[in-house]
Amino acid sequence: MQQTDVAIIGGGIVGLATAYRLGEQFPDLKITVLEKEPAVAEHQTGHNSGVLHTGIYYKPGSLKATNCRAGKLAMQSFCETQGIDYDICGKVIVALDESELPALQRIYERGQANGVNCEIIGRERLHELEPHAAGIQAIHVPEAGIVNYRQVCRRLAEIIVERGGCVQTDARVTAITPGDQRVVVASTAGEWETQYLVNCAGLQCDRVAKLGGQKPSAQIVPFRGEYYELKPEAHHLCKTLIYPVPDPSFPFLGVHFTRMIEGGVECGPNAVLAFAREGYRKTNVNPYDLLESLTYPGFVKLALKYWRVGAGEMWRSCSKAAFVKALQRLVPDICSEHLVTAPAGVRAQAVSRDGSMVDDFLIDETERIINIGNAPSPAATASLNIGAMITEKLAARF
């Protein structure tokens, strides 16, 4: 049995950022990251659209807001020192008609409260920034940016190992045995005895928490986000990031346009129930995962509440024409011939038994185990600050 001071389950960006921050503050600690896949960043992180979020949408004082603001600056600093490309390209959030202006104003007020550099602009200024965007008014957020989070994760993993830590891949955790002084973690790559355990397992975080004897306050329900990508001849239709005013009746941002750091423009996503926790394709079906979602009281209540909007999301999943129509609301010049199918992502959304989506980051703790039970967007942007926050929690125990 191998010995370690802190074991972290999950080699996505939150787990790696936590290991990085721990090693930065406590260089003598022995730190082990256990990742079930052959490489890091294979799930939510690796299917991320790569946006450096500013925190404009989030409730002031929430973990999302505070961690996003500090985390974005930390991520930019990390990229600069490590030679990782990023681009502060800016973003517009577009109101298409007068009915959306009150919601646009509320987003602007949140941005101001969170310290985001943003301003409300009219149609003329919007068309200077995004000549092909529709809209009567918008919020310009010049500090929004893009980055490659897979590249960030690879460098984080390298630094962890350079400092003497371990990033063990092909290590799916199969059992967790908490004790008074130590925790034993069994995996497909062997067993580790650790003083403290941090669960950053993303799509599997509630199951990992149960392995450790905890009863999660919410269950993960996987939502697949499907994307198209603009063909090169249509790249000129989007210069930065173009977002709609979010629909208050549905807790997702809606389809939008995202310029990517490697080049190209991504369009989407929609949001549909994935038939597997790691169901990146429509044909990926895991009967156990699907039954678990469909029989969970929280999902049933959620589906009943949002059935009309959910039906529209499912229709866009089946119909490219419907997807194009949604994109044309933001950029009318888009047509079907401009689009090719792009890889999908899966969002690990924590849903409470009452049917409410957990809106903020969720952290449950025992003396020996810290569970990250919900870390949706902007977790990648905020990851280095989330890692610092978890480090503070562990430091109080050392």
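Rundown of residues vs (1) within 27 Å of Tyr243 (Cβ to Cβ); (2) assigned to a helix (DSSP H, G or I), yes/no style:
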{"residue": "Ala17", "(1), (2)": "yes, yes"}
{"residue": "Arg21", "(1), (2)": "no, yes"}
{"residue": "Asp28", "(1), (2)": "no, no"}
{"residue": "Thr32", "(1), (2)": "no, no"}
{"residue": "Ser49", "(1), (2)": "yes, no"}
{"residue": "Ser77", "(1), (2)": "yes, yes"}
- Item | Condition met for Glu100 (closer than 30 Å to His236 by Cα and surrounded by fewer than 15 Cβ atoms within 10 Å (Cβ to Cβ)) | no
- Just a yes or no: is a residue in segment 300-308 within 24 Å of Tyr58 (Cα to Cα), in contact with a strand residue (DSSP E or B) (Cβ under 7 Å, 6 or more places away or on another chain), not small (Gly, Ala, Ser) and not assigned by TED's automatic domain parsing to the domain that holds Leu211? yes
- Filtering segment 38-82 down to residues that are over 15 Å from the mean Cα position of the chain (by Cα) and of a type in the set (Ser, Thr, Tyr) yields Ser62, Thr66, Ser77, Thr81
- Taking segment 224-236 and keeping only residues that are surrounded by fewer than 22 Cβ atoms within 10 Å (Cβ to Cβ) and either aromatic (Phe, Trp, Tyr) or within 14 Å of Val92 (Cα to Cα) (or both), one is left with Tyr227
- Item | Top-ranked residue in segment 340-351 [being surrounded by 21 or more Cβ atoms within 10 Å (Cβ to Cβ) and in contact with an Asp or Glu (Cβ under 7 Å, 6 or more places away or on another chain); ranked as farthest from Arg281 (Cα to Cα)] | Val346
- Select from segment 267-298 the residues that are more than 13 Å from Arg347 (Cβ to Cβ) and charged (D, E, K, R) and list them in ascending order. Arg281, Lys282, Asp289, Glu292
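It is to be established whether one or more residues within segment 311-324 are of a type in the set (Ser, Thr, Tyr) and in a helix (DSSP H, G or I). Before you say what the answer is, go through the steps one by one.
Step one: filter segment 311-324 for residues of a type in the set (Ser, Thr, Tyr), giving 317, 319.
Filter once more, so that each one left must be in a helix (DSSP H, G or I): 317.
Yes, segment 311-324 contains a residue that is of a type in the set (Ser, Thr, Tyr) and in a helix (DSSP H, G or I).
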- Message: Scan segment 161-177 and tell me whether some residue there is more than 26 Å from Ala395 (Cα to Cα), in a strand (DSSP E or B) and not β-branched (Val, Ile, Thr).
- Response: no
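For residues in segment 95-132 being among the β-branched types (Val, Ile, Thr) and in a strand (DSSP E or B), which is farthest from the chain's Cα centre (by Cα)?
From segment 95-132, those among the β-branched types (Val, Ile, Thr) are 107, 116, 120-121; that's our starting set.
Filter once more, so that each one left must be in a strand (DSSP E or B): 120-121.
Values: Ile120: 26, Ile121: 28 Å.
Top of the filtered list is Ile121.
Return the only residue of Thr194, Thr188 being β-branched (Val, Ile, Thr), surrounded by fewer than 20 Cβ atoms within 10 Å (Cβ to Cβ) and over 30 Å from Glu130 (Cβ atoms). Give the derivation first.
Numbers: Thr194 fails: surrounded by fewer than 20 Cβ atoms within 10 Å (Cβ to Cβ).
The match here is Thr188.
Being under 14 Å from Gly71 (Cα atoms) and either basic (Lys, Arg) or in contact with a Phe, Trp or Tyr (Cβ under 6 Å, 6 or more places away or on another chain) (or both) is true for just one of Ala388, Ala375, Ala382. Which residue is that?
Values: Ala388 fails: either basic (Lys, Arg) or in contact with a Phe, Trp or Tyr (Cβ under 6 Å, 6 or more places away or on another chain) (or both); Ala382 fails: either basic (Lys, Arg) or in contact with a Phe, Trp or Tyr (Cβ under 6 Å, 6 or more places away or on another chain) (or both).
After applying the criteria, what remains is Ala375.
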- Message: Regarding segment 295-304, can at least one residue be identified that is crowded, with 22+ Cβ neighbours inside 10 Å, β-branched (Val, Ile, Thr) and under 23 Å from Val221 (Cα atoms)?
- Response: no
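So which of Val92, Val40, Val6 is buried (at least 17 other Cβ atoms within 10 Å of the Cβ), farther than 30 Å from Val185 by Cα and at pLDDT 95 or above?
Numbers: Val40 fails: farther than 30 Å from Val185 by Cα; Val6 fails: farther than 30 Å from Val185 by Cα.
After applying the criteria, what remains is Val92.
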- Scan segment 293-309 and report the pairs whose first residue is closer than 21 Å to Glu278 by Cβ and whose second residue is hydroxyl-bearing (Ser, Thr, Tyr) and outside any helix (DSSP H, G or I), with Cβ atoms within less than 7 Å and a gap of 6+ or a chain change. Gly298/Ser352
- Message: If I filter segment 253-260 for residues that are crowded, with 20+ Cβ neighbours inside 10 Å, closer than 19 Å to Val324 by Cβ and without any contact (Cβ under 8 Å) to a residue 40 or more places away in the chain, do I get at least one hit?
- Response: no
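Filter segment 362-376 down to the residues that are among the polar types (S, T, N, Q) and crowded, with 22+ Cβ neighbours inside 10 Å, then identify the one that is farthest from Val184 (Cα to Cα). I'd like the intermediate steps shown before the answer.
Going residue by residue through segment 362-376, those that are among the polar types (S, T, N, Q) are 366, 371, 374.
Now narrow it down to the ones that are crowded, with 22+ Cβ neighbours inside 10 Å: 371, 374.
Values: Asn371: 16, Asn374: 24 Å.
Among those residues, the one meeting the criterion is Asn374.
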- For segment 119-140, name all the residues that are out of contact with any Leu (no Cβ under 8 Å at 6 or more places or on another chain) and under 22 Å from Cys68 (Cα atoms). Glu119
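The values are calculated or read from the model by the stated rules, or taken from the named source; none is laboratory data. If you're wondering where the values come from, they're calculated on a predicted model, not measured in any experiment. Cβ coordinates were reconstructed from backbone atoms using ideal geometry, including for glycine residues, and neighbour counts include every protein chain displayed.
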